[in-house]
Amino acid sequence: MGQSVWYITTPIYYPSDNLHIGHAYTTVAADALARFHRLKGERVLFVTGTDEHGQKIQRKAEAAQVTPLEFVTPIVQFIQDPLWKRLGISYDDFIRTTEERHAKVVQAIFRRLQDQGDIYKGVYEGWYCVPDESYWTESKLVDGKCPDCGRPVERVRQESYFFRLSRYQDRLRDYIETHPDFIQPVSRRHEMLNFIDAGLEDLSVSRTGIQWGIPVPGDPDHVIYVWFDALTNYLTAAGYLADDERFQAAWPANVHLVGKEIVRFHAVIWPIMLLALDLPLPERVFGHGWLLIGQSKMGKSLGNAVDPIALLDRYGVDPVRYYLLREVPFGADGSYTEESLILRTNVDLANDLGNLLSRTTAMIHRFCDDEVPTLVAEADDGELARVAAEVYREVDEAMEALSISDALTAIFRLVRRANKYIDEEKPWDLARAGERVRLGNVLYSLWESLRVVSVLLTPFLIETPARLRAQLGLDAPVAHYREALWGYQPQGLRIRRGDPLFPRIESPAAAPPPPPEAVSSLISLEDFQKLDLRVATVREAAVVEGTEKLLRLVVDDGVRERTIVSGIRRSYVPEALVGQQVVIVANLKPAKLRGIVSEGMLLAASDGETLSLVAPLSRVAEGARVK
Ligand code: MSP
């Protein structure tokens, strides 16, 4: 098929309640991927929308004493604007399943499958989970409840149309076996193979007794099962049976991005529908993890849903997007806390990126009168250019693999390397010593690193790239990914200093600091001298899995590298510590923490919940004594 459009979808959301940041998570991720592909010059079709039929919505509307359409319409409007608008969601099409264009496609497909004997009439007897809109047989229930969501199920016995999944079971299995990238991550692929191997029963694809749905053609007592209706949206939006040119260019979809709980619908029912229609299957179904509150999935029914609009009001679009995209490796579950959002913003955006910009522009102002120096290539060490080239490739690879948080980690590696480069090269000393060529090269490299970062960040953040570029003296918006190549920009610009990119957020949740404790009993100098306090540099830092507070650090104490387990996870992200100097108690007896031998302790000031590491004000040799 002459596919020339990169087609990505999100699930279409139920407008049964306002959406929460779990829904925003999928949509922002899809948006970043869509923006990335556009930046690479590809034609993109990015589709999201709303799944408006079904028993759940019908009941909600009855309870509110309005028609289902009256019930959903304001929610749908709210999703479009302000929700997706403020989050910068650049969808190309927003599909509502109540649209005429969609009903036509669903009915045409139903009729065709009926004509070819894939859909037949029978009687369904079993269970139904209304919130999930899913059927269950007795044997699958767990303690009489829905095995997916744990909520009560309802007994259903009615005449129904059935879709012959069983007929396609072997073909689907072969397809999954021969297309290892079709279902991702690989853990979901295994789950689906097991599910198929347990045997596929024919699926009930119509309901009687509810009216809110697309009628079965020629049998208006039945409405088409809401999942059959909803999955078809991916074809409707691609122009199936309506606009052949659009459809030929877009189909098959490149990525269906979905939460892990609905992979089953997308990796079993949906491909079988497509097989039955003789259509190519999507390239990838990616099932990402959940945002959790504590140990539970965030959700309206659990009453723990976080309102994205409140977060946007409080923090602005880019911190929220950055947090959603960066915090959790895409695919895994991750806990949401407002503290971690604040920490991410403060550490990565305000501190690392914001400071790099303000330090760089301040030095170009002071030493070069706002003029970006020209590179003297023969005299350049090429260090930042090298890192930038690596990062350029890593971001590209990570985005192709849908490892969105890895892409951001790579970009911030360049930011951190550039900050460290300032500490190493000490431009102020170069200025004092009159080393103009080297000074110019260092400042150019810092400026150029920031310019590269402004291009690389374009798919992820909405306002920051342009604000960053304005201060760098760049007016044109970023047009292509290749602009992130080192040296792409012609030289000879002037910077325009401005406000800090991200003001530090003071944690609203932080308790006021407790009053300082009264000074304890006095000790002698000898007592104090028993403590061997040393400066050390952090070489590695990682979280200790399964703990909330602990980080495992490898520090260089001037003599050797030692491992220290420290309870600072709530106050520091591990990557930010690498390269930092700290003060350690070097002669503390080793102790085992969570199976790891910790050889010493880090000094930190404690201000209620927040810990602040103690460090020398300027860099000193590792092993320097603190006395
Ligand atoms: N209408 C169906 C999907 C039909 S697609 C053909 C549906 N809708 S939903 O409103 O319940 O949205 C489910 C999707 O929202 C999940 O698949 C996931 O993408 C997202 N999330 C909802 N809660 C979430 C979390 N707590 N964490 C991460 N994503 C979450 O199912």
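The values are calculated or read from the model by the stated rules, or taken from the named source; none is laboratory data. Please read all numbers here as calculations on a predicted model, not as lab measurements. When we count neighbours, we look across all protein chains shown, and the Cβ atoms used for this are built from the backbone with ideal geometry, even at glycine. Ligands, DNA and RNA are stripped out before the accessible areas are found, and what is left, the full protein with its side chains, is counted by its heavy atoms. Shrake-Rupley method; radii C 1.70, N 1.55, O 1.52, S 1.80 Å.
Of E201, E52, which has the most accessible area with a 1.4 Å probe, and how do the rest follow in descending order?
Accessible-area ranking of E201, E52, largest first: E201, E52.
Given a Förster distance of 51 Å, report the FRET efficiency between E159 and V543 from their Cβ-Cβ distance, rounded to the nearest 0.05.
The formula returns an efficiency of 0.40 here.
Between E261 and E383, what is 0.36 nm times their sequence separation minus the Cα-Cα distance? Round to one decimal in nm.
Here the segment from E261 to E383 would lengthen by 39.4 nm.
Subtracting the Cα-Cα distance from 0.36 nm times the residue separation, let me have the gained length for R112 to V626 in nm, one decimal.
So the chain would gain 177.0 nm between R112 and V626.
Between V66 and D219, what is the spin-label point distance in nm, taking each point 7 Å from the Cα along the Cα→C-beta axis?
The two pseudo-label positions are separated by 3.4 nm.
Tell me the Kirkwood radius of the range 6-288: reciprocal of the mean inverse pair distance over distinct alpha-carbon atoms, in Å.
19.4 Å
Go through D348, D143 and list them by solvent-accessible area, largest first, probe radius 1.4 Å.
From most accessible down to least: D143, D348.
Over the range 516-613, what percent of the accessible surface lies on carbon and sulfur atoms, probe 1.4 Å?
53 percent
Fully extended, how many nm does the chain gain between V130 and E100 (0.36 nm per residue separation, minus their Cα-Cα distance)?
8.3 nm
DSSP beta bridges in the chain, what fraction antiparallel, as a percent rounded to 5?
70 percent
How big is the Kirkwood radius of the range 338-484, worked out from every pair of different alpha carbons and given in Å to one decimal?
Final number for the Kirkwood radius of the range 338-484 is 15.8 Å.
For the range 516-613, state the average projected area of the convex hull of the C-alpha atoms over all orientations, rounded to one decimal in nm².
Its average projected convex-hull area is 7.1 nm².
Could you check what % of the DSSP bridge pairs in the range 222-369 are antiparallel, to the nearest 5?
20 percent
Using square roots of five times the C-alpha gyration tensor eigenvalues, list the equivalent-ellipsoid semi-axes of the range 245-328 in whole Å, biggest first.
Equivalent ellipsoid of the range 245-328: 33, 18, 11 Å, largest first.
Enter the mean projected area of the convex hull around the alpha-carbon atoms of the chain, in nm², rounded to one decimal.
The number I arrive at for the chain is 34.2 nm².
Considering Cα pairs under 8 angstrom that are at least six residues apart, work out the relative contact order of the range 338-484 and quote it in whole percent.
With pairs under 8 Å counted, the relative contact order is 28 percent.
In whole Hz, with x marking every Gly and Pro, tabulate ³J(HN,Hα) for the range 553-570 from phi via Karplus 6.51 cos²θ - 1.76 cosθ + 1.60, θ = phi - 60°.
10, 10, 10, 9, 9, x, 10, 7, 9, 10, 9, 10, 9, 10, x, 10, 4, 5
If Rh is defined by the Kirkwood formula over all Cα pairs and Rg also comes from Cα, what ratio Rg/Rh do you get for the range 104-182?
Here the Rg-to-Rh quotient is 1.05.
For Cα pairs less than 8 Å apart in space and 6+ apart in sequence, what is the mean separation divided by the residue count of the chain, i.e. the relative contact order in percent?
Across the chain, relative contact order equals 12 percent.
Tell me the carbon and sulfur percent of the accessible area for the range 338-484, rounded to whole percent, probe radius 1.4 Å.
With neighbouring chains kept in place, the figure for the range 338-484 is 50 percent.
In straight Cα distance, which lysines are under 27 Å from K56, not counting same-chain residues fewer than 8 positions off?
K56 reaches K85, K104, K121, K140, K145, K260, K297, K300.
Might you work out the accessible area of E506 for me, using a 1.4 Å probe with all protein chains in place, and round it to the nearest 10 Å²?
Here the accessible area works out near 140 Å².
Looking at Q581, A591, G558, which one has the Cα that reaches farthest to the positive end of the dipole of the range 516-613 (charges on Cβ: Lys, Arg +1; Asp, Glu -1)?
So the residue we want is A591.
If a/c stays under 1.5 just call it rounded; otherwise compare a/b with b/c (prolate if a/b is bigger, oblate if not). Do that for the range 255-301, with a ≥ b ≥ c from the square roots of the Cα gyration tensor eigenvalues.
Because a/c hits 1.5 or more and a/b exceeds b/c, the range 255-301 counts as prolate.
Run the simple label-point estimate for E191 and D93 please: 7 Å along Cα→C-beta, distance reported in nm.
2.8 nm
Quick query: amide H of G579 versus all other amide H atoms, modeled in the peptide plane; which residues come in under 5 Å with a sequence gap of 5 or more or a different chain?
V538, R539
Between the range 108-163 and the range 574-616, how far is it from one alpha carbon centroid to the other, in angstrom?
Each part reduced to its Cα centre gives a spacing of 56 Å.
Using a 1.4 angstrom probe with every protein chain in place, what is the largest-first accessible-area order of R326, R366, R496?
R366, R496, R326
Let me know the Kirkwood hydrodynamic radius for the range 322-379, please, with Cα pairs as the basis and the value in Å to one decimal.
14.2 Å
Calculate for the chain the 222 nm mean residue ellipticity that helices alone would give, adding -39,500 (n - 2.57) per DSSP H run of length 4 or more and normalising by residue count, nearest 500 deg cm²/dmol.
-11000 deg cm²/dmol
Can you report the principal axis dimensions of the range 452-602 using only the alpha carbons, biggest first, rounded to whole angstrom?
That works out to 64, 38, 34 Å along the principal axes.
Tell me the per residue accessible area of the range 205-284 using a 1.4 Å probe; a whole number in Å² is fine.
27 Å²
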